[in-house]
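**Student:** Dropping the structure in here first, questions after.
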Amino acid sequence: MKKLTLAFISFLSLGLNAKSQVKIDFEVNFTEPQAHYVEMKMKIAGIKKDYVDVKMPVWAPGSYLIREFSKNVEGFAATAANKSLKTQKINKNTWRVFTKQADLVEVNYRVYAFEVSVRTSFIDASHAFLSSTGIFMYPDGMINQASTVTVNPYKTWSKVSTGLAPVNGKANTFYASNFDILFDSPIEVGNQDVFEFEAAGVKHEVAMYGGGNYEKERLKVDMAKIVEQATAVFGENPNKNYTFIVHNFNRGGGGLEHLNSTVLGATRNAYNTPEGYKAFLALVAHEYFHLWNVKRMRPIALGPFDYEKENYTTNLWVSEGYTSYYENKLLARAGFIQDQDMVNEISKAISNIENSPGAKVQSASSSSFDAWIIQYRPNENSNNSSISYYAKGEVVGALMDLEIANATNGAKSLDDVMKAMYLQCKTLKRGFTDAEFKTMVEKISGISFTSFWEKYVNGTVAVDYKTYLNFAGITAVNEAKTIGYLGLASAKKGLAVVVTAVTRNSGAWVDGINVGDEIITINGQMIDTTLDKVGALQTLNVGDVLKFAIKRDGQVQEINVNILPFSPVKIKSIFNDSADRKQLAVRQRWIMGK
């Protein structure tokens with residue numbers, strides 16, 4: 001038995017040593033950037049197997065949609081000792097390389113990259129943005145394997161910006177301790193404008209592509225303020241360095257979070273306008289807050305990732321919705337907006353939820369779970385049947401924050417929950433469950449949140465905004481009045497005006513106007529512009545009847561539409577000068593976190 005045990009240990013040791021000898025190196029080249037291609041070389045050493053399966057992810061963490069990145073791969077081939085190896089594509093994102101026990105295998109392939117977004121790769125003559133999940137492949141079963149990446153910029157480019165750790169002594173060569181790190185590290189290559197600042201003890205690099213009227217010195221100061229405020233919520237900053245990759249377009253927006261970097265889309269000539277600058281800082285705040293919320297304080301389903309299929313969670317209302325909520329809190333705490341501005345933004349968010357038909361159909365938790373089939377794939381009826389976990393989560397965050405502050409007489413807030421959950425995930429080295437999040441909220445607040453979860457997380461109950469805002473001594477009134485509502489949206493398509501959306505329970509919905517109908521006349525008047533520009537439709541009264549002539553599937557029909565009543569929500573929130581001591585304490589804790 002002793003001999004068998006020693007033999008097994010010896011065998012296990014040999015297996016571990018063999019695994020540790022595997023070495024993976026990537027080389028990234030650009031020979032035809034103007035045609036939107038990157039050439040990839042992947043060297044795998046030390047495998048010594050009959051074959052190895054090489055895979056490409058099908059989605060990018062942070063963007064919950066199967067994107068099928070392998071569709072952009074061309075020219076997959078492999079060699080060993082300068083001799084071609086047989087390869088076979090065995091499913092949509094997997095190539096089998098018959099390695100014949102070779103010690104070193106070289107895999108070559110090209111990737112076409114011409115989709116502008118923060119989550120997809122784009123290459124042209126001016127720069128290359130590499131969103132790593134759509135560029136780098138991995139050997140099956142080796143997600144935890146380390147790798148190096150050497151980027152060779154095109155001959156007219158001079159810079160590489162990424163959150164990956166540089167390899168000392170090797171220009172433009174970087175190290176990833178595993179593929180999760182590599183896939184979470186986008187790369188910008190070109191002639192980007194790079195500047196740095198330090199905040200919260202962390203070195204931050206900003207790589208600006210596309211020009212713009214930004215002022216670097218102003219951004220250094222203001223972005224640092226946001227970093228400091230976000231770090232203050234959690235008590236520590238987990239990074240030593242952080243990279244902002246900013247793509248400036250004629251009109252841009254959106255962002256995607258990563259472990260120690262982010263990619264932002266911005267409008268290049270909006271930095272010198274108050275609204276444009278505030279919007280950029282809000283985007284910075286949102287993506288930087290993700291450094292903790294979702295990247296480290298994460299739902300348990302979101303890591304370790306399965307890069308080949310959907311990773312389902314009911315908690316994106318926390319990961320994304322709460323991050324949206326904290327945008328304006330961070331801006332207020334950093335002094336970029338006033339307290340009233342923050343309350344106005346929350347009031348607007350509540351109004352939007354209450355005016356959305358989908359909010360009465362889909363809950364925050366189900367919206368999160370269905371992200372894979374709805375959030376990034378909306379159709380003409382999505383507004384009637386679903387709600388964004390961003391929008392609903394922002395409102396849930398505000399309500400929960402106020403509930404906690406009120407229950408503790410201003411001693412605690414949602415900040416305390418976020419910090420405690422972050423530390424719990426750090427200690428346990430795993431994500432949280434919905435039950436654990438609820439338990440922490442109840443621990444911090446000292447009260448039950450069962451009813452809250454039933455109404456606002458798993459339910460579709462209308463928001464009791466007057467009660468919640470009153471906790472902070474804020475009077476909320478609905479300024480909107482009942483109106484006559486047609487319930488149509490339209491767009492110009494060539495010379496035609498076509499229906500693009502119909503609102504649930506509106507007159508148009510009840511009387512049968514369809515998306516895709518071409519509107520010819522209304523009450524005999526020819527329609528040659530979108531409905532929002534038809535003056536006669538701006539003052540509709542309940543009970544009016546509109547006679548539509550529409551064309552559907554090439555046939556003209558007449559439909560009478562009865563104008564029905566609609567009672568919208570438009571919240572105006574006012575700080576109450578006679579707020580009592582508790583309300584003032586709640587307000588202070590809620591807005592400033594202290």
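The values are calculated or read from the model by the stated rules, or taken from the named source; none is laboratory data. It should be emphasised that the depicted structure is a prediction, and the values quoted were computed from it without experimental measurement. Glycine gets a Cβ as well: all are built from the backbone with ideal geometry, and neighbour counts include every protein chain shown.
**Student:** Determine, yes or no, whether SER84 is over 18 Å from TYR307 (Cα atoms), of a type outside the set (A, V, I, L, M, F, W, C) and assigned by TED's automatic domain parsing to the domain that holds TYR175.
**Tutor:** Numbers: over 18 Å from TYR307 (Cα atoms): yes; of a type outside the set (A, V, I, L, M, F, W, C): yes; assigned by TED's automatic domain parsing to the domain that holds TYR175: yes.
Judged against the criteria, SER84 is a match.
**Student:** If you don't mind, another one. Kindly indicate whether SER363 is small (Gly, Ala, Ser), farther than 12 Å from ILE591 by Cβ, touching a strand residue (DSSP E or B) at 6+ places or on another chain (Cβ under 8 Å) and touching a residue at least 24 places away in the same chain (Cβ under 8 Å).
**Tutor:** Details: small (Gly, Ala, Ser): yes; farther than 12 Å from ILE591 by Cβ: yes; touching a strand residue (DSSP E or B) at 6+ places or on another chain (Cβ under 8 Å): no; touching a residue at least 24 places away in the same chain (Cβ under 8 Å): yes.
So SER363 fails the test.
**Student:** Also, I was wondering about something else. Restricting to segment 164-190, what's the tally of residues that are assigned to a strand (DSSP E or B) and within 18 Å of LEU259 (Cβ to Cβ)?
**Tutor:** Within segment 164-190, the first condition is being assigned to a strand (DSSP E or B), and the residues that meet it are 165-166, 173-176, 187-190.
Those left that are additionally within 18 Å of LEU259 (Cβ to Cβ): 165-166, 174-176, 187-188.
The qualifying residues number 7.
**Student:** Go through segment 72-82 and give me each residue that's within 30 Å of GLY255 (Cβ to Cβ) and either surrounded by fewer than 13 Cβ atoms within 10 Å (Cβ to Cβ) or of a type in the set (Phe, Trp, Tyr) (or both).
**Tutor:** The initial filter retains those residues of segment 72-82 that are within 30 Å of GLY255 (Cβ to Cβ), namely 72-74.
Once the filter is applied, which keeps residues that are within 30 Å of GLY255 (Cβ to Cβ) and either surrounded by fewer than 13 Cβ atoms within 10 Å (Cβ to Cβ) or of a type in the set (Phe, Trp, Tyr) (or both), segment 72-82 yields only GLU74.
**Student:** Same structure, new question: Any residue at all in segment 494-511 that's in contact with a Lys or Arg (Cβ under 7 Å, 6 or more places away or on another chain) and either hydrophobic (A, V, I, L, M, F, W, C) or not assigned by TED's automatic domain parsing to the domain that holds ASN384 (or both)? Spell out how you get there, then give the answer.
**Tutor:** Initial filter on segment 494-511 (in contact with a Lys or Arg (Cβ under 7 Å, 6 or more places away or on another chain)): none.
Taking every residue of segment 494-511 in turn, none turns out to be in contact with a Lys or Arg (Cβ under 7 Å, 6 or more places away or on another chain) and either hydrophobic (A, V, I, L, M, F, W, C) or not assigned by TED's automatic domain parsing to the domain that holds ASN384 (or both).
**Student:** So, in segment 378-413, exactly how many residues are within 30 Å of VAL510 (Cα to Cα) and among the basic types (Lys, Arg)?
**Tutor:** Summing the residues that are within 30 Å of VAL510 (Cα to Cα) and among the basic types (Lys, Arg) in segment 378-413 gives 1.
**Student:** Still on this model: Take segment 129-158 and flag every residue that is part of a strand (DSSP E or B) and under 24 Å from ALA78 (Cβ atoms). I'd like the intermediate steps shown before the answer.
**Tutor:** Our first condition is that a residue be part of a strand (DSSP E or B); within segment 129-158, this holds for 129-130, 138-139, 147-151.
Listed by number, the residues that qualify are LEU130, TYR138, PRO139, SER147, THR148, VAL149, THR150, VAL151.
**Student:** Only one of (1) of a type in the set (S, T, N, Q); (2) under 22 Å from GLU106 (Cβ atoms); (3) assigned to a strand (DSSP E or B) fails for SER161. Which number is that?
**Tutor:** Of everything listed in (1) of a type in the set (S, T, N, Q); (2) under 22 Å from GLU106 (Cβ atoms); (3) assigned to a strand (DSSP E or B), SER161 misses just condition (2).
**Student:** Tell me which residues, restricted to segment 434-474, are more than 29 Å from the chain's Cα centre (by Cα) and assigned to a loop (DSSP other than H, G, I, E, B).
**Tutor:** Residues satisfying the conditions are GLY446, ILE447, SER448, PHE471, ALA472, GLY473.
**Student:** Scan segment 480-496 for residues that are part of a strand (DSSP E or B) and buried (at least 21 other Cβ atoms within 10 Å of the Cβ) and report the count.
**Tutor:** Of all residues in segment 480-496, those part of a strand (DSSP E or B) come to 483-485, 488-493, 496.
Applying the additional criterion that residues be buried (at least 21 other Cβ atoms within 10 Å of the Cβ) yields 488, 490.
Matching residues across segment 480-496 total 2.
**Student:** Tell me yes or no: at least one residue of segment 92-109 is closer than 18 Å to GLY134 by Cα, among the aliphatic types (A, V, I, L, M) and crowded, with 18+ Cβ neighbours inside 10 Å.
**Tutor:** To start, the set of residues in segment 92-109 that are closer than 18 Å to GLY134 by Cα comprises 92-95, 107-109.
Filter once more, keeping what is among the aliphatic types (A, V, I, L, M): 107.
Checking the rest, the ones that are also crowded, with 18+ Cβ neighbours inside 10 Å come to 107.
Yes: segment 92-109 contains one or more residues that are closer than 18 Å to GLY134 by Cα, among the aliphatic types (A, V, I, L, M) and crowded, with 18+ Cβ neighbours inside 10 Å.
**Student:** Now for a separate question. Of the residues ASP184, ASP140, which single one is surrounded by fewer than 20 Cβ atoms within 10 Å (Cβ to Cβ), in the same structural domain as SER121 (by TED's automatic domain parsing) and of a type in the set (Asp, Glu)? Steps first, please.
**Tutor:** Numbers: ASP184 fails: surrounded by fewer than 20 Cβ atoms within 10 Å (Cβ to Cβ).
One residue alone meets the criteria, ASP140.
**Student:** Picking from GLU198, GLU217, which residue would you name as being surrounded by fewer than 21 Cβ atoms within 10 Å (Cβ to Cβ), farther than 22 Å from SER117 by Cβ and free of Cβ contacts under 8 Å to residues at least 24 places away in the same chain? Before the answer, list the steps.
**Tutor:** Values: GLU198 fails: free of Cβ contacts under 8 Å to residues at least 24 places away in the same chain.
Testing whether each residue is surrounded by fewer than 21 Cβ atoms within 10 Å (Cβ to Cβ), farther than 22 Å from SER117 by Cβ and free of Cβ contacts under 8 Å to residues at least 24 places away in the same chain leaves just GLU217.
**Student:** Just checking, how many residues over segment 540-577 are without any contact (Cβ under 8 Å) to a residue 12 or more places away in the chain and either under 12 Å from ILE474 (Cα atoms) or touching a Cys at 6+ places or on another chain (Cβ under 6 Å) (or both)? Walk me through how you get there before you give the answer.
**Tutor:** Within segment 540-577, the subset without any contact (Cβ under 8 Å) to a residue 12 or more places away in the chain is 553-555, 557-558, 577.
After this cut, where a residue has to be either under 12 Å from ILE474 (Cα atoms) or touching a Cys at 6+ places or on another chain (Cβ under 6 Å) (or both) as well, the list is 577.
Matching residues across segment 540-577 total 1.
Residue-by-condition table, conditions (1) assigned to a helix (DSSP H, G or I); (2) touching a helix residue (DSSP H, G or I) at 6+ places or on another chain (Cβ under 7 Å); (3) of a type in the set (Ser, Thr, Tyr); (4) buried (at least 22 other Cβ atoms within 10 Å of the Cβ):
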residue: LEU302; (1), (2), (3), (4): no, no, no, no
residue: ASN311; (1), (2), (3), (4): no, no, no, no
residue: TRP317; (1), (2), (3), (4): yes, yes, no, yes
residue: GLU320; (1), (2), (3), (4): yes, yes, no, yes
residue: THR323; (1), (2), (3), (4): yes, yes, yes, yes
residue: TYR326; (1), (2), (3), (4): yes, yes, yes, yes
residue: LEU331; (1), (2), (3), (4): yes, yes, no, yes
residue: GLN340; (1), (2), (3), (4): yes, no, no, no
residue: ASN344; (1), (2), (3), (4): yes, no, no, no
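**Student:** Also: Given the options GLY516, GLY507, name the one that is within 33 Å of the chain's Cα centre (by Cα) and modelled with pLDDT of 95 or more.
**Tutor:** The match here is GLY516.
**Student:** Any chance segment 99-111 includes a residue that's among the hydroxyl-bearing types (Ser, Thr, Tyr), more than 18 Å from GLN192 (Cβ to Cβ), under 23 Å from the mean Cα position of the chain (by Cα) and modelled with pLDDT of 95 or more?
**Tutor:** Of all residues in segment 99-111, those among the hydroxyl-bearing types (Ser, Thr, Tyr) come to 99, 109.
If we keep only those that are more than 18 Å from GLN192 (Cβ to Cβ) as well, we get 99, 109.
Applying the additional criterion that residues be under 23 Å from the mean Cα position of the chain (by Cα) yields none.
No; the residues of segment 99-111 include none that is among the hydroxyl-bearing types (Ser, Thr, Tyr), more than 18 Å from GLN192 (Cβ to Cβ), under 23 Å from the mean Cα position of the chain (by Cα) and modelled with pLDDT of 95 or more.
**Student:** Could you check, for segment 194-212, whether at least one of its residues is touching a Gly at 6+ places or on another chain (Cβ under 9 Å), more than 30 Å from ILE591 (Cα to Cα) and not aliphatic (A, V, I, L, M)?
**Tutor:** yes
**Student:** Could you say whether any residue in segment 524-538 is within 29 Å of the chain's Cα centre (by Cα) and under 30 Å from TYR390 (Cα atoms)?
**Tutor:** At the first step, the residues of segment 524-538 found to be within 29 Å of the chain's Cα centre (by Cα) are none.
No, segment 524-538 has no match at all.
**Student:** Of the residues GLU275, GLU257, which is assigned by TED's automatic domain parsing to the domain that holds LYS225, out of contact with any Leu (no Cβ under 9 Å at 6 or more places or on another chain), at pLDDT 95 or above and acidic (Asp, Glu)? Can you show your working first?
**Tutor:** On the way: GLU257 fails: out of contact with any Leu (no Cβ under 9 Å at 6 or more places or on another chain).
Exactly one of GLU275, GLU257 is assigned by TED's automatic domain parsing to the domain that holds LYS225, out of contact with any Leu (no Cβ under 9 Å at 6 or more places or on another chain), at pLDDT 95 or above and acidic (Asp, Glu), namely GLU275.
**Student:** Pairs only if they're at least six apart or on different chains, beta carbon under 6 angstrom, first in segment 459-474 and buried (at least 21 other Cβ atoms within 10 Å of the Cβ), second in a helix (DSSP H, G or I) and basic (Lys, Arg); list them, first residue then second.
**Tutor:** These pairs meet every condition: ALA472/ARG587.
**Student:** Here is a follow-up. Looking only at segment 249-299, filter to residues that are among the small types (Gly, Ala, Ser) and not in a helix (DSSP H, G or I); which one of those is surrounded by the fewest Cβ atoms within 10 Å (Cβ to Cβ)?
**Tutor:** Going through the qualifying residues, I end up with GLY253.
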